[in-house]
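These notes are about the structure you will find just below.
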Ligand code: SF4
């Protein structure tokens, strides 16, 4: 059914004037989105990208230097991987600007402000252009230039020593923004180390666990465009996951008649666009969602046939209710009883959201049926103890309505994303690194990254070589001053190499600062679940590509990049060769050319092989245009592998896939070589979901068997902060929201973005500010469990009373006047007043300065915002391992000794809190003496033996 309302006369008028893009259906062929020559409002047609001149504004003189070659690449300023087009001046061989790539299937030519701002980052006058080596004590702020050769030799020698000395666990790579599809994981596997660490457990790990337990794929991929009802628990129109690609499709869904509901205690820009805004007391979202499930069940608004076919209800009856062999009707009675207590009235009492609103939304969800799209990313899931159950409760609504993987529904992300295989796959690693997957967290979705300094302080290990890559752990993580203490400690951390395109607070505590390329300065492939299709995008170094297009060969990307900026791909190849110069360690062979045996692989060869062999349909498509696959990707930047991928789980397995398979007579799971491959339903073996039951797991045997039987069903977990536990003056702090125009710690070099937003006041409802006599602009002191920060107040009704909020996207700082990031950071003094008692105090805010960019002398903003994360202790959820971000805080008016921007924290106290939370865990071994269930993913695959923590018990014997 088409819900698209007819455009009114205003829309048609502005369309005819060319002020807006065509109001055609969003699936219009790509050519229609391209410009007739000379129009600003549309895109240059692809056949003119080789030689393009932008239209000249009226009154300006035509300038021959405006002739450009347009080179596609991929944005790197968030995870969405939108397409960019670099306009490279042919004469000067410099990038003039970045705009959208209209051929990119995810972003379709559109970008948020951060995409075009890539040009600011490239031209940042504070850019690091040469490798630097520390001089004097670590963190002392003194550096010298060093050659890449010396850096690579030093790193290679240290890594080789760790590997040959039997200490592979001492080498670690810690990434903030990856921007690739498994290429560094391949490097680490080739080195034989389980040393991958990421930022995921301060980001999305909780939501990932919720989804993974349901469907064996750890993220949702909604088809917003075709949905009839959209329920969001993150700010997807303004800054949530896959922000721009999702935002444009949400708006298209709305234009086609979909209704939008947003659950968020804060009136985000997204909530402001919603038909219904639900503002629960933080941590009670699970109660609201289960109350919606209750309404669907009680009012018969669920898809009975879907639920009967696709959830593991028989296993639930057998294992949980002791009702083996009972009918689906018995299951329905059971489930209604289980969720009988979650009435809308109960949820209202918990959350403050009116029961009538919950009923209304639930009925709209029921009416939307299979066209019900949802998303949660960080939001509530990342905020609370048991946040992963909030994601599970949300997906429960999709399961009940049969909207899993349907047009307009919510699919597993793995259907809409691909990881093209490279020419070579190193074997799984042989050992298990407890610094990343400690035994206390056998179900943690990703590495326990934010506890690394606590583990090192506790003496669980040490690191000889620690790489941070596009990662600023000191600033990004909770308990940042504990990071600082460990980063400075050369006993615990032998060498820290910061691979980064920009200065950051952690790089100051590195031994090497190694400049790496920005979006248009390196190679990568990316693919993201932006909608119901599958695509791959090529990030290419645009100056190199332009030079090659003009017949100027380039051997190494750094030859085309500014200064001595390298790209990671070439860095890892070169480093790997130096670690294993004669091939004796078995590492070098993974970095040899597939075309020239025994010789070093080039970036061109790596991606040529990938595009020729691992991207289905690309060779044929390229051939239609007389191009090779890599030429096609260099020319257009992206390729759509598949459109409209829906309901993959219903695929019947062909005979060749089921040959030799056996079917479990009780569960009907089909297995081959001991591995589940499908499930028999109505006499046919279907693909199902990659879970142990091959169905959607309403009942999780994994949780039951691994020590959490009380959470085996989607449920409501009380947050670590409950409203009734708050004392006088205490509130809950929501510190997790994004400013949509900033990039965590990578935008203090982007003048356009900073001009738009640069501070992060504390949102406070008048009911909360009035008792303190606080008005907008007044200083407030926000006390946490381990310290405090001082910020200005913004009094607003756009936040639920009882809750205050502060964005984590501002508050950058630097210790030296001339350190990088001057456009967006404060100069601070950092003092350890007593052991472990750190006070950070601003000396001054942002000031204009002279540089080759005249705009830096015109900087008018002074306020860079206030850092807050260092004042938070760690709160690792005992199941998902996610840091639970929300804080119980006490607020007061700032006193005479307090200054704007003060941050104080006591790392002794934070360590005690770490130990308290550790006590909540239920450590491995689990069944079979394992460290972790074999079916849960991890970034670096380990051999089966590495999973064995204790000897496997005899089949019928007691646990070991
Ligand atoms: S949403 Fe914005 S920052 Fe993210 S990839 Fe797209 S253009 Fe870049």
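Since every read-out is calculated from the coordinates, none of them should be taken as a lab result. Not measured: the values here are computed from a predicted model. Neighbour counts run over all protein chains shown; Cβ positions are idealised from the backbone, glycine included.
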**Prompt:** Sorted from fewest to most neighbouring beta carbons within 10 Å, what does the list 673, 424, 124 look like?
**Reply:** 673, 424, 124
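Please arrange 778, 906 by how many other C-beta atoms lie within 10 Å of their C-beta, fewest to most.
Working: 778 16, 906 20.
So the ranking, lowest neighbour count to highest, is 778, 906.
Relative contact order, percent, of region 292-347 when contacts are C-alpha pairs under 8 Å separated by at least 6 residues? Don't skip to the end; give the middle numbers.
Working: 29 pairs, mean separation 24.0, N = 56.
Once normalised by length, the contact order is 43 percent.
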**Message:** Per-residue counts of other Cβ atoms within 10 Å, averaged by peptide: what ranking do you get for 783-792, 691-700, highest first?
**Reply:** 691-700, 783-792
**Message:** Could you order the peptides 652-659, 314-321 from most to least packed, using the average number of other C-beta atoms within 10 Å per residue?
**Reply:** 314-321, 652-659
**Asked** Hey, with R₀ at 56 Å, roughly what FRET efficiency would residue 843 and residue 650 work out to, going by the Cβ-Cβ distance, to 0.05?
**Response** 0.35
**Asked** What order do you get for 110, 722, 944 when you list them from fewest to most C-beta neighbours inside 10 Å?
**Response** 944, 722, 110
**Message:** Helix-only estimate, please: 222 nm mean residue ellipticity of the chain, summing -39500 (n - 2.57) across DSSP H runs of length 4 or more and dividing by its residues, to the nearest 500.
**Reply:** -7000 deg cm²/dmol
**Request:** Could you compute the FRET efficiency for residue 778 and residue 944, with r as their C-beta to C-beta distance and R0 at 56 Å, rounded to 0.05?
**Result:** 0.40
**Request:** Please report the base-10 log of the normalised intensity I(q)/I(0) for region 465-582, using a Debye sum with one equal scatterer per alpha carbon and no solvent, at each q in 0.19, 0.20 (1/Å).
**Result:** -1.06, -1.10
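Can you tell me the relative contact order of the chain? Whole percent, Cα pairs under 8 Å, sequence separation 6 or more. Could you put the intermediate results ahead of the total?
On the way: 2216 pairs, mean separation 148.2, N = 960.
Dividing the mean separation by the residue count of the chain yields 15 percent.
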**Item:** Computed P(r) (all Cα pairs; region 184-257; 10 Å bins; percent)
**Value:** 17, 33, 31, 14, 5, 0
**Complete:** Projected onto their principal axes, the Cα atoms of region 426-496 stretch, largest extent first, over whole-Å spans of 34, 27, 23
**Item:** Rounded, prolate or oblate (a/c below 1.5 giving rounded, otherwise prolate when a/b exceeds b/c) for the chain by Cα gyration tensor
**Value:** rounded
**Estimated inter-spin distance, residue 329 and residue 628, nm [label 7 Å along Cα→Cβ]** = 6.7 nm
**Asked** In percent, how large is the relative contact order of region 447-500, given Cα pairs closer than 8 Å and 6 or more residues apart?
**Response** 47 percent
